[in-house]
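The values are calculated or read from the model by the stated rules, or taken from the named source; none is laboratory data. Owing to the predicted nature of the structure, the values given are computational and were not obtained by experimental measurement. All Cβ positions, even for glycine, are placed from backbone atoms using ideal geometry, and neighbour counts span all protein chains on display. These area figures cover heavy atoms from the full protein model, side chains too; ligands, DNA and RNA do not enter into them. Shrake-Rupley method; radii C 1.70, N 1.55, O 1.52, S 1.80 Å.
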Amino acid sequence: MQDLWIDAPAFLIVMTALLGLAVGSFLNVVVHRLPRMLERQWRRECLLFLGQPAEPASDVEDPGNLFWPGSRCAVENIPLLGYLWLRGRCAHCGTEISPRYPLLELLSAVLSAAVAWRFGWSLPLLPALVLSWGLLALAAIDLERQLLPDAITLPFL
């Protein structure tokens, strides 16, 4: 098995692309929830600064955090395949799913494969993957909200 990783770069590239699909699925959560979490935090801080009582958070406004609540449709949440299987619609309510979700998953897989192809099985592979995923999340958030969250940018400094 050890020789398979070292002697078969195609295997590493394919496995890294599959990992990229899974990470892309999580990046969609980050892109969707992180700006909302920050806005909720800023609203609370502004109210505190102004000496006003904090607003009670409703379920609609409260995105939870990056890990909770979990997805209701985990079975349909298979990267790319779930979107194609459901023809771009939610299995529960039938609303259209934004094309951003499969696009971000696909871009993550392609970037991950490109990084694996460039670095092969070497020490810089993991940091290059993490940097690529972080930049992809930043680009998506910036395109959607014109915001570059410190929670992502500062660790890269």
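Structure data summary
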| item | result |
| --- | --- |
| Residues of the range 15-32 satisfying the condition of being closer than 19 Å to Gln146 by Cβ and open to solvent by 40 Å² or more (accessible area, probe 1.4 Å) | His32 |
| Residues that are open to solvent by less than 80 Å² (accessible area, probe 1.4 Å) and at positive phi, drawn from the range 100-157 | Gly120 |
| Some residue of the range 31-42 being modelled with pLDDT of 90 or more and under 19 Å from Val110 (Cα atoms) | yes |
| Within the range 90-109, tally of residues that are farther than 28 Å from Leu129 by Cα and either assigned to a loop (DSSP other than H, G, I, E, B) or modelled with pLDDT under 70 (or both) | 6 |
